[in-house]
Amino acid sequence: MAAKSTPQDKEPSPEIAKDQAPEVRKAPDTPATEPQASPPAEANGAPESEPEPETRAYRVTSRSDVLLNGQLYTQGDELLLTDAVARSLLRNRCIEPEDDFK
């Protein structure tokens, strides 16, 4: 007499095996807030930091005092300014290039 086959004797179908396969867990991803290490700027061929903008020496004129970055400059005070900052002060004759005083 042939033995009856039981469900344990049969090989599970791929559909059932997929459902019963043990769960594989991946390692947790690093949080997005964690800073990523970047290669040094020199490795990319770029300079480490941008060069400072060129500054020039100016003197405050008698026309007006100059309030700059919370500090008051009065007639004759020397300032070191970039061209972009000095442009409007020069236009209004609040400052003059230091070369004019020599």
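The values are calculated or read from the model by the stated rules, or taken from the named source; none is laboratory data. Not measured: the values here are computed from a predicted model. Glycine also receives a Cβ, built like all others from the backbone with ideal geometry; neighbour counts cover every protein chain displayed.
With the condition kept exactly as written, say whether any residue in region 48-63 is in contact with an Asp or Glu (Cβ under 6 Å, 6 or more places away or on another chain), among the aliphatic types (A, V, I, L, M) and modelled with pLDDT under 80.
no
Taking the condition of being under 31 Å from the mean Cα position of the chain (by Cα), of a type outside the set (A, V, I, L, M) and not in a helix (DSSP H, G or I), how many residues in region 47-102 meet it?
Matching residues across region 47-102 total 14.
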